[in-house]
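Visitor: Let me give you the structure first, and then I'll get to my questions.
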Number of protein chains: 6
Amino acid sequence: MAIVVTEIDRADAAVAAALGAAGVATVHEAQGRTGLMASYMRPIYRPVCIGGTAVTCEVAPGDNWMIHVAVEQCRPGDILVVTPTSPCEDGYFGDLLATSLKARGVKGLIINAGVRDIATLTEIGFPVWSKAVSAQGTVKETIANVNVPVVCAGALVTPGDVVVADDDGVVVVPAAKAAAVLEKAKAREANEAAKREALAGGVLGLDLYKMRERLAAKGLKYVERLGDA
Amino acid sequence: MAIVVTEIDRADAAVAAALGAAGVATVHEAQGRTGLMASYMRPIYRPVCIGGTAVTCEVAPGDNWMIHVAVEQCRPGDILVVTPTSPCEDGYFGDLLATSLKARGVKGLIINAGVRDIATLTEIGFPVWSKAVSAQGTVKETIANVNVPVVCAGALVTPGDVVVADDDGVVVVPAAKAAAVLEKAKAREANEAAKREALAGGVLGLDLYKMRERLAAKGLKYVERLGDA
Amino acid sequence: MAIVVTEIDRADAAVAAALGAAGVATVHEAQGRTGLMASYMRPIYRPVCIGGTAVTCEVAPGDNWMIHVAVEQCRPGDILVVTPTSPCEDGYFGDLLATSLKARGVKGLIINAGVRDIATLTEIGFPVWSKAVSAQGTVKETIANVNVPVVCAGALVTPGDVVVADDDGVVVVPAAKAAAVLEKAKAREANEAAKREALAGGVLGLDLYKMRERLAAKGLKYVERLGDA
Amino acid sequence: MAIVVTEIDRADAAVAAALGAAGVATVHEAQGRTGLMASYMRPIYRPVCIGGTAVTCEVAPGDNWMIHVAVEQCRPGDILVVTPTSPCEDGYFGDLLATSLKARGVKGLIINAGVRDIATLTEIGFPVWSKAVSAQGTVKETIANVNVPVVCAGALVTPGDVVVADDDGVVVVPAAKAAAVLEKAKAREANEAAKREALAGGVLGLDLYKMRERLAAKGLKYVERLGDA
Amino acid sequence: MAIVVTEIDRADAAVAAALGAAGVATVHEAQGRTGLMASYMRPIYRPVCIGGTAVTCEVAPGDNWMIHVAVEQCRPGDILVVTPTSPCEDGYFGDLLATSLKARGVKGLIINAGVRDIATLTEIGFPVWSKAVSAQGTVKETIANVNVPVVCAGALVTPGDVVVADDDGVVVVPAAKAAAVLEKAKAREANEAAKREALAGGVLGLDLYKMRERLAAKGLKYVERLGDA
Amino acid sequence: MAIVVTEIDRADAAVAAALGAAGVATVHEAQGRTGLMASYMRPIYRPVCIGGTAVTCEVAPGDNWMIHVAVEQCRPGDILVVTPTSPCEDGYFGDLLATSLKARGVKGLIINAGVRDIATLTEIGFPVWSKAVSAQGTVKETIANVNVPVVCAGALVTPGDVVVADDDGVVVVPAAKAAAVLEKAKAREANEAAKREALAGGVLGLDLYKMRERLAAKGLKYVERLGDA
């Protein structure tokens, strides 16, 4: 047996979009360095940067049937998150499914497996983060769950969570924390602008962040030559 | 001892080119989901799409001597397929060999190993699909076979077979089946155009492919909330 | 305890730049096929080609503190080489550190770990070769050495050595050999120009390099058909 | 900030032990093929088979400080589950920590990282499932959470869940489902005994499971010779 | 559509067994260093050494249905060779299937995927060489071919070929060459016995194989100290 | 050109043996957590523990010729360290070479590549740490250096250095530091005995190492329930 959950609590769309604009590194830091997917999740083209709300979809290895089921659950502003129930790099997703998701206003796909037709996906501007690129076809035989919590590429994704994805990878923000994380992300950005200017002007991080004393206390020594150590 | 086979039965050049235009995913499906090389075989630049006839070349690990031998066996419209006799990621191939292959009308290189000079290869437009990019030089000491059947990146390649390669990877079509596969690939493309239009217009795959009944029969349930399951 | 060595013997800047112009494959060959880093070290954008003098920096896993220390030791024309004391793919380096290095005239970063903010780094043109792209944040708790010899991605790097990095990867040239290697690299380039022209004109490598006799002596046989072997 | 949760709802100890006796494959099937950790989690010695209740522990990369904190939270019958906040293969755990856990009646360790002193651990009979064996030492600088839900090697582990580990790997059973899963596991075992006997006596699975008709309906054909297909 | 070929030309059983006794390294050398499967194919227990005739079986990813079909095609002295149609590490095979194969006199299993119940398989002495150990369960939905030529872990296997497997891995010998390869393997073994004795007595390979002159001709120099080079 | 260095400064044999007895983890800690080879270097059998002086040997990919040259340079108490000039997993070493090394009193082999005949090597008790087990044969065509400093599996090895290898992996100690490291290793062992006893008696590491105050200062909080955080 498998289920499709039809009502999920989506994070606020504007917050999701704003987190998308902040980018993965900033959002990841803003929420305390959690929620990052594995670094093997790479975008099929660059640059790219999106934020949206998660619809989750389990698939059996080598079987993309449930993606068709999940499409119906997607709304404008969503990001579809697909993960196989055991590791698989087959090409679950191609230009027809992308056409369908695009028609529903979906912002992109996160798939812990393979994707194909990437030339077309690049051309039509439908972004995908995947574990692999593979033309390997899949079957439609086994059912699995849609819109239940899943672990995708090492990160827990609950339906409705915010997903942010860009050139650096993919991060997940729990819906309940999205607004607070956005606040912190904005503060971080504001804070970084001043730092960037100082560093660009030649100020050293050692001084800007006042690190010298603590480094010395840890035992760091400066010597002129290696032999002097 | 090793041999070079000088006469091979190439698939029809027009068929090979037409399969190249159809692309890897379509061709792979059209021939029943066989013949795909491993997903680690990636192009050095994108987008790119070729179809041609295979000249095969074994090489010893860290030894590119036989590629020089294989060049002479190549004709316009061919694609050179190189695989080491044990796994190796050295840079067997660079701009001089590409210049030579280009001069002979060869369409590209498939190498289950490393390639170098990729900036130049990109500039002159000689496409390569490889396991790695590596500047590691190779020697010229050990002979091996040219134009015998080889297993390259998990796929069996018989000299003269059609090789199709694009952004999605590499697929091999046995020469004897090439025309029939092209037929099916064309039918598939025609068929997909109508589907694409329907999906772009908002029709769901669930309805287009009449999946709902079979999904229900398998036991798929729709619930409003996770707790309802 | 850990040390920072403040005086290192840098290779000649002009020689380093000239080696950079020659490129990784040529330099690697010119110095006898040594000094190449592992092929997993990939540039975040292409095409790119640099040569400079190494400042080395050890970092603890998940801890980028020492990069801030290393920045101060960098001078115009340097390339920063960072390697963790045990394998780690976290995102040690982003746009703020790049801004700082750029302000100091540093040509690029080689890091046997992860990098983030790659969209910005691409935009501002600060090249990085890394093992991974990852937004994973790091701490500042553990000290390590700056400007001591390190093994980075399989290659020994002594501070002051020449580092050459391009689309093909990264190679290290000991400072003491830099001038001689440059000489050989230039000779190689000159030599290759003539070969390239011959090959472009249709001359076979088999003839250009006079390989046929030696191949036959090794036992290579030409047969018309596979069955003839 | 980080927290240590001191009160967790452990699954029943007898149920956990009984699930341990049933083994990973049976338990994984009994709960609907979920909860399995990645196949790279391997035991340091074989044969071995345990079941217990999870105490969870996050650690920073290259930093085993929190394991010392987690030890205090462990009780007899527990299994300690450790996962780094970003991927790391350092040797977080050795014979001293094992001595401490053994003294507290802990049944074993599951660590999504490296372990060392495996000769001693084997000798004293303290089982560990890990991603790597590595002598690499770690620091004690960064705090993280103990007894919060974690994703370990792809599986969600909530403190108090049952962990079953044997030669085949590691599976997690949510505490609330443990009794029901045990029931099904026993039924499965009873059921398999009869099947095993039949198969040992030469009955074919094709007949025992009545597969022939369904295979034929799917299109399976029997031919005498490959040419006959 | 998929087929099961019921009549295959098995290599001579006595030859297969004798090749098994010779072991993988010797057989691999005797047939000219071909036919070796990838080094990731490891036995579940050691020591172990078998030789038999191949029955081949394709399986869909995550689907072990066809193994049940293949069992019926197996005869005493056979070795079952299973490979998924795209990469998969699920646990396709466990103690029930092993019981069935054992009852039919099958010598072992070669599977380019995962295996489970390895404690039991070790206990009952049914050897398996696999890519992974995994308890992950599989479905029975998709048909595929039995007893057609397959590529398994990089090696081409034609039904009836001899498969030799031991602690070093797995090698395939084409049925038509089996007798000749056995001849060479025996010659090699005889030849090695004398060498082993000489080497055990302190004779150097340099002298036994008369390598010194050729090494000098290649340019090998002996120096007392590194500085002397 | 390549060289063989015939006179190397070996660390004291008794010190090397004593370091071997201390084991990899202890020695690695005693010398400040440096010198460890990559964790993929695994022993072919367990338990095993050796310490000896390094003779180093470069080999070309797929070419074991130089191992024969290196054998002559080995003396009783040495450990042979072999690394390919580019990554390779072929089976460079088997029972004949082991017989030869054994006859010369060599304690074991460290090879950043593949090994074969492991059943025999296990039987005769010649320990090997390798990257892979592979029966793949190698050629004898290309020369390389013996007894020059090499990077092997990420660690710099200078001929004469102490190599310690056991179930946990391989660590290298520079000859000049060997005696001092042994001193520290012994102190560490003495120190650990008392700790082990305390921990076995139920004392917590938190108390034994007086960690509680520093943890609190870092911000660690204890809560009864997750919701309390």
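The values are calculated or read from the model by the stated rules, or taken from the named source; none is laboratory data. Here the structure is a predicted model, which is why all the values come from computation and not from measurement. Positions of Cβ are generated from backbone atoms using ideal geometry, with glycine treated the same way; all protein chains shown enter the neighbour counts. Note: accessible area is taken over every heavy atom of the protein model, side chains too, but ligands, DNA and RNA are not part of it. Shrake-Rupley method; radii C 1.70, N 1.55, O 1.52, S 1.80 Å.
Visitor: Label-to-label distances across copies for residue B:191, with labels 7 Å out along Cα→Cβ, in nm, shortest first?
Guide: 3.7, 5.6, 5.7, 5.7, 7.1
Visitor: Can you give the average number of partner chain beta-carbon atoms within 10 Å of each beta-carbon in peptide D:175-185, as a whole number?
Guide: Shielding by partners across D:175-185 averages 0.
Visitor: Report the net charge of residues surrounding residue B:104, where surrounding means a beta-carbon distance below 12 angstrom and charges are Lys +1, Arg +1, Asp -1, Glu -1. Let's see the in-between values first.
Guide: Numbers: positive: B:75, B:102, B:107; negative: B:72, B:78.
Here the count lands on +1.
Visitor: How far, in nm to one decimal, is residue F:7 from itself in the other copies if the label point is set 7 angstrom along Cα toward Cβ? Shortest first, please.
Guide: Label-point separations across copies, in nm and ascending: 3.3, 6.6, 7.7, 7.7, 8.9.
Visitor: Quick one: accessible area per residue over chain B, 1.4 Å probe, rounded to a whole number of Å²?
Guide: I get 35 Å² per residue for chain B.
Visitor: Can I ask one more? A drop of at least 50 square angstrom in accessible area, chain alone versus all protein chains together, probe 1.4 Å. Which residues of segment C:1-42 meet that?
Guide: Checking the loss per residue gives C:3, C:4, C:7, C:33, C:39.
Visitor: Let me ask something additional. Under the √(5λ) rule applied to the eigenvalues of the Cα gyration tensor, what semi-axes describe the equivalent ellipsoid of the protein assembly as shown? Give them in Å, descending.
Guide: Those come to 41, 41, 35 Å.
Visitor: For segment A:127-167, what does the alpha-carbon gyration tensor say about shape, rounded, prolate or oblate, given a ≥ b ≥ c as the root eigenvalues, a/c under 1.5 as rounded, and a/b over b/c as prolate?
Guide: Since a/c reaches 1.5 but b/c is at least a/b, the shape of segment A:127-167 is classed as oblate.
Visitor: Using Cα springs under 10 Å in a Gaussian network model of chain A, which residue among A:25, A:113, A:194 shows the largest mean-square fluctuation?
Guide: Of the options given, A:194 has the highest mean-square fluctuation.
Visitor: Bins of 5 Å, beginning at zero and ending with the bin holding the largest distance: percent of Cα pairs per bin for segment C:106-207, please.
Guide: Percent of Cα pairs in each bin: 2, 9, 13, 17, 15, 13, 10, 9, 6, 3, 2, 1, 0.
Visitor: Along Cα-to-Cβ, 7 Å out, sits the label point; list in nm, shortest first, how far the one on residue E:176 is from those in the other copies.
Guide: So the distances to the same position in the other copies read 1.4, 6.0, 6.4, 6.4, 6.9 nm.
Visitor: While we're here: When chain E is modelled as a GNM with alpha-carbon springs shorter than 10 Å, which of E:171, E:48, E:24 fluctuates the most?
Guide: E:48
Visitor: I need to check one value: relative contact order of segment D:154-229, counting alpha carbon pairs closer than 8 Å and at least 6 residues apart, in percent.
Guide: 14 percent
Visitor: Another one. Tell me the angle of helix C:178-200 to the major Cα principal axis of chain C, expressed in degrees between 0 and 90 and rounded to the nearest ten.
Guide: The two axes meet at around 40 degrees.
Visitor: How many Å² of accessible surface get buried when E and D come together, counting both sides, probe radius 1.4 Å, rounded to the nearest 100? All intermediate terms of the calculation are to be shown ahead of the outcome.
Guide: Working: alone 11850 and 11870 Å², together 20300 Å².
The buried area between E and D, both sides summed, comes to about 3400 Å².
Visitor: Also, quick follow-up: Using unit Cβ charges (K, R positive; D, E negative) and no other charged atoms, how large, in debye to the nearest 20, is the dipole of segment B:88-152 about its Cα centre? Don't skip to the end; give the middle numbers.
Guide: Working: 6 positive and 6 negative charges, 49 e Å.
The calculated dipole for segment B:88-152 is roughly 240 debye.
Visitor: With Kirkwood's inverse mean 1/r over C-alpha pairs for Rh, give me the Rg to Rh ratio of segment C:1-43, two decimals please.
Guide: With Rg and the Kirkwood Rh in hand, the quotient comes to 1.09.
Visitor: Still on this model: Roughly how crowded by other chains is peptide C:98-110, in terms of the mean Cβ count from those chains within 10 Å of each of its Cβ atoms?
Guide: 3
Visitor: Okay, moving on. For segment C:106-147, what relative contact order do you get, as a whole percent, if you take Cα pairs closer than 8 Å and at least 6 residues apart?
Guide: 43 percent
Visitor: I'd like to know how segment E:1-81 sits against the 2.2 N^0.38 Å rule of thumb: what's its Cα Rg over that expected value?
Guide: Normalised Cα radius of gyration, segment E:1-81: 1.23.
Visitor: To continue, here is another question. Below 9 angstrom from the Cβ of residue F:122, what's the summed charge of the other residues (Lys, Arg +1; Asp, Glu -1)?
Guide: Every neighbour counted, the sum reads -1.
Visitor: Relative contact order (percent) for segment E:59-153, with alpha-carbon contacts under 8 angstrom and 6 or more residues of separation?
Guide: So the answer I get is 37 percent.
Visitor: Can you grab the distance from the C-alpha centre of segment F:144-164 to the C-alpha centre of segment A:125-155, Å, no decimals?
Guide: 45 Å
Visitor: So, in Å, what gap is there between the alpha-carbon centers of segment C:15-36 and segment D:1-46?
Guide: Using only Cα atoms, the two centres lie 53 Å from each other.
Visitor: Separate question: So which residue, out of B:82, B:203, B:69, gets the largest mean-square fluctuation from a GNM of chain B using Cα contacts under 10 Å as springs?
Guide: So, out of B:82, B:203, B:69, the one fluctuating most is B:203.
Visitor: When the accessible area of chain C is computed with all protein chains present and a 1.4 Å probe, what percentage of it is carbon and sulfur?
Guide: Working: 4220 of 7940 Å².
Of all accessible area on chain C, carbon and sulfur atoms account for 53 percent.
Visitor: How big is segment B:168-229 in terms of Cα radius of gyration and Dmax, in angstroms?
Guide: 18.6, 56
Visitor: Packing-wise, with mean Cβ within 10 Å as the measure, how do F:158-166, E:144-152 rank, highest first?
Guide: Working: F:158-166: 27.3, E:144-152: 22.3.
My ranking of the peptides, most packed first, is F:158-166, E:144-152.
Visitor: Label point 7 Å out from residue D:7 along Cα-to-Cβ: which residues of segment F:212-227 have amide N under 20 Å?
Guide: Residues F:221-227 fall inside that zone.
Visitor: I'd like the chymotrypsin sites (Phe, Trp or Tyr not before Pro) in segment E:124-229 restricted to DSSP loop residues with at most 15 other Cβ atoms within 10 Å, sorted by number.
Guide: Of the chymotrypsin sites (Phe, Trp or Tyr not before Pro), the ones in loops of segment E:124-229 whose Cβ has at most 15 other Cβ atoms within 10 Å are E:209.
Visitor: Determine the residues within segment A:51-91 where the difference in accessible area between the chain on its own and the full set of protein chains amounts to at least 20 Å²; count protein heavy atoms only and use a 1.4 Å probe.
Guide: Those residues are A:61, A:65, A:68, A:69, A:72, A:85, A:86, A:87, A:89, A:90.
Visitor: Taking a spot 7 Å from the Cα of residue F:45 along the direction of its beta carbon, which residues of segment E:159-187 have an amide N less than 19 Å from it?
Guide: Under cut-off, by backbone N: E:166-169.
Visitor: Please work out whether chain B counts as rounded, prolate or oblate from its C-alpha gyration tensor, where a ≥ b ≥ c are the square roots of the eigenvalues and a/c under 1.5 means rounded, while otherwise a/b larger than b/c means prolate and anything else oblate?
Guide: On the way: a/c = 2.36, a/b = 1.95, b/c = 1.21.
Prolate, because a/c is 1.5 or more and a/b exceeds b/c.
Visitor: Sticking with this structure for a sec: Taking the simple approach of a point 7 Å from Cα along Cα-to-Cβ for both residue A:123 and residue B:124, what is their distance in nm?
Guide: 2.9 nm
Visitor: Longest segment of chain B with no trypsin sites (Lys or Arg not before Pro) in a DSSP loop having at most 15 other Cβ atoms within 10 Å?
Guide: In short, B:1-209.
Visitor: Let me confirm one metric for peptide A:148-155, namely the mean number of other chain beta-carbon atoms within 10 Å of its residues' beta-carbons.
Guide: 3
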